[in-house]
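This report concerns only the one structure given below.
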Amino acid sequence: MSIIITVLLLGIIVFIHEFGHFITAKMFHMPVLEFAVGMGPKLISKKVKTTVYSIRAIPFGGFVSIDGMEVEAENEVENGFNTQNPLKRLIVLSAGVFMNFLSGIIALFILFSITGVISTKDIPAKVKNVAVSAEASSVLQKGDIITSFNGNKINNWQELTKNIIELNVSGYKGQDIDLKVLRDNKEIDLKTKLTSGEGNNYILGVEVDAPKMNPLDRAKLSFLSFFKIMEEMIKGLAGLVTGKVGLNNLTGPVGLTKVVGEAYSSGGFIILLNFFVLISLNIGLLNLLPFPALDGGRIIFVFLEMIGIKINKKLEEKFHIIGFSLLIGLMVFVVFNDIKNF
């Protein structure tokens, strides 16, 4: 079951990516020879007008074959890829990554719409209720926004929780805690004690006033989450380049089946939606890297042409062939590493 789910998940993501290339190529009247999901021998194919639509045997990857990308065809194919102006070629090459990013943001919006869950980083430390048994009930009121805890500035609910945890770890002895709260647009100083909770832990005893999200709020949060996830992914890639993260930490299609299967069994559709976001953004970011054979590598050559530096097409093609060979080698390594770990 986990294999089927993984294949479907990757198939949808690859389809969305390749559809970006396909629809923009069609928009500029470029001749598209084939739109394929998967690699290897054809399983199913149908030709509609001049384009073959196919599903191939190896259920990972895919491609859009645009006539005129080959060096020999540069001046022979009418409306071929290489005969188009650099801006049109740039749009077609970037469209796959754009679709991955856009579908990831839409999936985040759906996720927030279904769950209503907001990251504690995005919730202000605003008090909804104070437990009657809590020491803080005599000083805190509904609507108070906590701006400082024990001398530490508080920007959100996550920071408040972190400060309380750290105080427990260091050994809270019942001493007074200095609070600053915003009440009726005025900042006031308060003192309170933490209250004994479960497991010898001490709590403030307040409930957060999480804001209800309208569609605009969900859209904003989706974009914010997109940028936060991208930031973490870029840090991960930087770790690979600098050697802080080993290649053994990479997971390929084989390892993904295990991870997705375990996650789906514990969290169902919601977890799959999370995986869809992460894989979509990963594929988009990886394709954007300025490496030969990837979309980003091809984009670099178009950018050079746009600023007046035109690279010989045969030389460019050799760069892409070398890059593709290196990528195949990396994929083989990752698959063997997956099998070993599996």
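The values are calculated or read from the model by the stated rules, or taken from the named source; none is laboratory data. Because the structure is a prediction, the values reported are computed rather than measured. For neighbour counting, all protein chains shown are included, and Cβ atoms are generated from backbone atoms with ideal geometry for every residue, glycine included. Areas reflect the complete protein model, heavy atoms only, side chains present, ligands, DNA and RNA absent. Shrake-Rupley method; radii C 1.70, N 1.55, O 1.52, S 1.80 Å.
Quick notes on this one:
- Of all residues in segment 1-33, those satisfying the criterion of being more than 17 Å from residue 97 (Cβ to Cβ) and under 24 Å from the mean Cα position of the chain (by Cα) are 2, 3, 4, 5, 6, 7, 8, 9, 11.
- Only one of the numbered conditions (1) at pLDDT 90 or above; (2) within 17 Å of residue 163 (Cα to Cα); (3) open to solvent by less than 50 Å² (accessible area, probe 1.4 Å) is violated by residue 143, and that is (2).
- The condition (being at pLDDT below 90, touching a helix residue (DSSP H, G or I) at 6+ places or on another chain (Cβ under 8 Å) and either closer than 19 Å to residue 190 by Cβ or surrounded by fewer than 18 Cβ atoms within 10 Å (Cβ to Cβ) (or both)) is satisfied by just one residue among 161, 115: 115.
- Checked against (1) in contact (Cβ under 8 Å) with a residue 40 or more places away in the chain; (2) open to solvent by 40 Å² or more (accessible area, probe 1.4 Å), residue 55 passes all but a single condition, namely (1).
- Test: residue in segment 59-70 that is open to solvent by 70 Å² or more (accessible area, probe 1.4 Å) and among the acidic types (Asp, Glu): yes
- The residues of segment 202-220 that are at pLDDT 85 or above and not acidic (Asp, Glu), listed by number, are 202, 203, 204, 205, 206, 208, 215, 216, 218, 219, 220.
- Beta carbons closer than 6 Å, at least 6 apart along the sequence or on distinct chains, pair a first residue in segment 200-211 that is at positive phi with a second that is open to solvent by 40 Å² or more (accessible area, probe 1.4 Å) for 205/131.
- Out of 198, 187, 231, one residue alone is under 30 Å from residue 273 (Cβ atoms), of a type in the set (D, E, K, R) and surrounded by fewer than 17 Cβ atoms within 10 Å (Cβ to Cβ). It is 231.
- Taken over segment 71-111, the criterion of being crowded, with 18+ Cβ neighbours inside 10 Å, modelled with pLDDT of 85 or more and not in a helix (DSSP H, G or I) is satisfied by 80, 84.
- Condition check for residue 36: modelled with pLDDT of 90 or more, open to solvent by less than 20 Å² (accessible area, probe 1.4 Å) and under 25 Å from the mean Cα position of the chain (by Cα): yes
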